[in-house]
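Right, one structure below, let's go through it.
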Amino acid sequence: LDGLVSEILSRVLGNYIDGIDSQNVQLGMRRGKISLENLRLSRNIFHNFGVPFDVEHGLIKHLEIEIPWSDLLSKPSRIQISDVYILALPHPHKSGWNDKQSDREEQKQKQKKLQKLEDTKRTRRAGKEHSSSLADRVVEKLIEQLTVHVSKVHVRFEFPADNFAAGFTLGDLTFGMCEIQENRAVVAKVAKLTKISAYWNHEQPILPYENIDSFTKVMERAFMGGEGEYNFVLAPLAIEVLVNINKDLENDMLHPKIDIKSILQSIKVELHEMQYNQLLRVIQWVTQYNTREHKLSDIPEAPIQAQPMEHWKYILTRKRDKVRKLRSILTSEYIDKRRKTRIEYSALWKEHILTKSFLKSSRLKELEEEL
């Protein structure tokens with residue numbers, strides 16, 4: 001069980017943290033505790049969530065995970081994270097970007113999804129091999145007694161071309177067991193969050209810093225008041241969330257599967273016209289970036305005010321192509337061709353997995369691009 005948990009944890013950390021030593025992580029977890037300092041976050045973290053921003057600087061000062069393997073049934077497992085600072089900039093949309101790069105990026109995302117599915121299946125198979133009634137109870141107890149503490153999180157998005165910045169902060173988060181319930185089938189969890197805020201500085205220069213130490217100090221200022229430095233659209237607030245989870249829904253119909261109650265004393269939201277307009281532009285930009293159905297080179301270079309007819313032609317062409325594509329995929333010829341392609345791909349993929357080959361055949365790569 002400890003080996004399976006260690007493998008999963010090291011793979012998860014490796015997806016988001018640069019330079020992580022998987023062997024040290026697995027070794028530490030087998031001993032019951034790992035403590036990592038000054039971790040650098042991966043530049044492409046936001047890409048995994050469809051958000052087109054690059055991490056310019058990403059830092060986790062302290063990460064500690066403790067699992068008491070010798071006494072899992074009585075002692076809680078603990079995760080503690082502190083001082084998480086992320087500065088992100090928009091990913092280049094047009095500059096230095098062409099159709100071939102767009103296709104390569106799309107294929108790269110496909111490969112990540114395929115690898116993720118294969119890792120999930122492998123983990124499930126390994127879990128079945130190690131599964132037993134005792135192991136199931138231990139895993140269930142481990143999750144029930146898990147406690148999480150996160151402090152000082154500041155994520156900031158800067159837009160140098162338009163001279164504005166936005167971000168959010170989290171002062172403190174604690175998540176753990178609540179008081180013992182009379183009904184043992186119901187697990188009670190409580191989450192407390194303090195100093196949750198969001199800001200939008202519509203006229204502010206880029207964050208001034210010279211090195212990673214000065215960057216950390218500048219990001220920490222968000223937790224020291226900052227009324228004059230930050231234009232809060234969501235003023236700092238605190239919230240408490242109670243979660244009751246019914247583990248035995250079949251025999252206990254009186255309690256819902258999940259019951260969530262939140263306690264929020266006050267909330268203040270303030271959004272000015274300039275902030276609202278900039279927010280709409282960002283949403284439009286993100287939506288346009290994530291639209292992969294067209295070639296980026298077709299987008300007019302000039303702004304709408306300069307060449308309105310070119311933009312109208314672009315919009316009408318996009319709509320026409322969507323209609324044609326929708327009609328084509330509903331034909332019997334397309335459906336039959338798609339079915340045969342998927343059957344051929346499945347056979348080649350199984351052969352690739354069974355032979356444990358590191359290199360894919362040219363035909364397999366062609367089908368991956370087509371599908």
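The rows are residues; the columns are (1) in contact with a Ser or Thr (Cβ under 6 Å, 6 or more places away or on another chain); (2) among the basic types (Lys, Arg); (3) modelled with pLDDT of 75 or more; (4) open to solvent by less than 30 Å² (accessible area, probe 1.4 Å).
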residue	(1), (2), (3), (4)
LEU27	no, no, no, no
ILE34	no, no, yes, yes
ARG40	no, yes, yes, no
ASN48	no, no, no, no
ASP54	no, no, yes, yes
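Consider the stretch 303-358 and keep the residues that are touching a helix residue (DSSP H, G or I) at 6+ places or on another chain (Cβ under 7 Å) and among the aliphatic types (A, V, I, L, M). The one that is surrounded by the most Cβ atoms within 10 Å (Cβ to Cβ) is LEU348.
Looking for something without any contact (Cβ under 8 Å) to a residue 24 or more places away in the chain, over 23 Å from the mean Cα position of the chain (by Cα) and under 26 Å from MET177 (Cβ atoms) - is there at least one such residue anywhere in the stretch 63-77? Yes, there is a match, as at least one residue in the stretch 63-77 is without any contact (Cβ under 8 Å) to a residue 24 or more places away in the chain, over 23 Å from the mean Cα position of the chain (by Cα) and under 26 Å from MET177 (Cβ atoms).
The values are calculated or read from the model by the stated rules, or taken from the named source; none is laboratory data. No experiment lies behind these values; they were computed from the predicted model shown. Note that we place each Cβ from the backbone using ideal geometry, even for glycine, and neighbour counts take in every protein chain shown. The protein model used for the area step is the full one, side chains on, heavy atoms only, and it has no ligands, DNA or RNA in it. Shrake-Rupley method; radii C 1.70, N 1.55, O 1.52, S 1.80 Å.
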